[in-house]
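Read through the structure below, which is laid out as structure tokens, and then see the notes.
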Amino acid sequence: MILLPPKSIFLAGVPATGKTYFGDWLEKNHNYIHLDIENNESVISHNLQNEVSEFWNGNYDLLFCKFKELEKPIILNYGFPPEYLSFIKSFLKYGFFPVWFDANKNVSREKFLERGKIDIKYFNIQMAKIEKSEKELTDTFSKCKIRTLQDDGSRLSPEVIFSEVKQNFG
């Protein structure tokens, strides 16, 4: 089994909770490699197009071998549909630490609308899928669930989030 550099993180969660921002912050401030699986620019900038494509075709080892060659901890964020949970579990088997960013649905919805990038119907679809899969998601991400977006709309700072993540590495 190929194991990744220690402290590699698989980050998922409710839409608009700061996953990409936190990944960028870790890359800038803590020497992580940030890979946003939904962002082709991120995949291209780390020269991982072939490996990511092969991963989606079921060849996991190629991507994880490449990760190991990078010799730095990785933060991979993905606002995945819960029906892909089996793919996500493969990341955990290779040594990624699972972290879930959580928030009140209405507050998250407001932050999603503020971004103005994607039609709100996609938020609603994603939240319905998350709610339907809540038990399995809770089981998968039970080691570290952080409410990054507060009920008043404020966000936890990346320093506070990273401190919580490190406490849960175990």
Problem set entry | Conditions (1) touching a helix residue (DSSP H, G or I) at 6+ places or on another chain (Cβ under 8 Å); (2) buried (at least 17 other Cβ atoms within 10 Å of the Cβ); number of the one not met by Gln49 | (2)
Problem set entry | Total residues in the range 20-70, condition closer than 18 Å to Lys7 by Cβ, at pLDDT 90 or above and in a helix (DSSP H, G or I) | 9
For this session: Could you please find all residues in the range 63-99 being among the hydroxyl-bearing types (Ser, Thr, Tyr) and free of Cβ contacts under 8 Å to residues at least 60 places away in the same chain?
Result: Tyr84, Ser86, Ser90
Exercise. How about the range 78-93: which of its residues are more than 13 Å from the chain's Cα centre (by Cα) and basic (Lys, Arg)?
Worked result: Lys93
For this session: Determine whether Leu85 is part of a helix (DSSP H, G or I), farther than 16 Å from Pro158 by Cα and touching a helix residue (DSSP H, G or I) at 6+ places or on another chain (Cβ under 7 Å).
Result: yes
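The values are calculated or read from the model by the stated rules, or taken from the named source; none is laboratory data. Because the structure is predicted, anything quoted here is derived from the model rather than measured. For neighbour counting, all protein chains shown are included, and Cβ atoms are generated from backbone atoms with ideal geometry for every residue, glycine included.
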